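Worksheet for the structure shown next.
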Amino acid sequence: MAKTREELQALLDTLREQVPALVREHTDEGDFWSNFAGASDFILDDAGPDDFEWALEQINAMLAANGKAR
């Protein structure tokens, strides 16, 4: 069952707080993307069809804010 937008927002907020540390700790690009994908895919998997694009936009924004735009 898909999570509510509020539940997704809480997960996104946690990930947003973790991204700077992931960037610092995983200087190898492959290492970073592997770790980030594990966390972000978990969130996207829990997003329903109405919230998927919204969650993806937030994830892309946090990547851009940390110099990791796709």
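Remarks
- Across segment 19-35, a minimum of one residue is classified as touching a His at 6+ places or on another chain (Cβ under 6 Å) and not hydrophobic (A, V, I, L, M, F, W, C).
- Among residues of segment 20-60 being small (Gly, Ala, Ser) and closer than 16 Å to Ala10 by Cα, the one that is farthest from the chain's Cα centre (by Cα) is Gly48.
- When segment 1-55 is limited to residues that are within 13 Å of Lys68 (Cα to Cα) and basic (Lys, Arg), the one that is surrounded by the fewest Cβ atoms within 10 Å (Cβ to Cβ) turns out to be Arg24.
Here is a yes/no grid of residues against (1) of a type outside the set (A, V, I, L, M); (2) touching a residue at least 12 places away in the same chain (Cβ under 8 Å):
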residue: Ala2; (1), (2): no, yes
residue: Glu6; (1), (2): yes, no
residue: Thr14; (1), (2): yes, no
residue: Arg24; (1), (2): yes, no
residue: Asp28; (1), (2): yes, no
residue: Gly38; (1), (2): yes, no
residue: Phe42; (1), (2): yes, yes
residue: Asp51; (1), (2): yes, yes
residue: Trp54; (1), (2): yes, yes
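Computed from the coordinates by the stated procedures, all read-outs in this text should not be read as laboratory data. Just so it is clear, the model here is predicted, and its values are computed rather than measured. Using ideal geometry, Cβ is built from the backbone for each residue, glycine included, and neighbour counts are taken over all protein chains shown.
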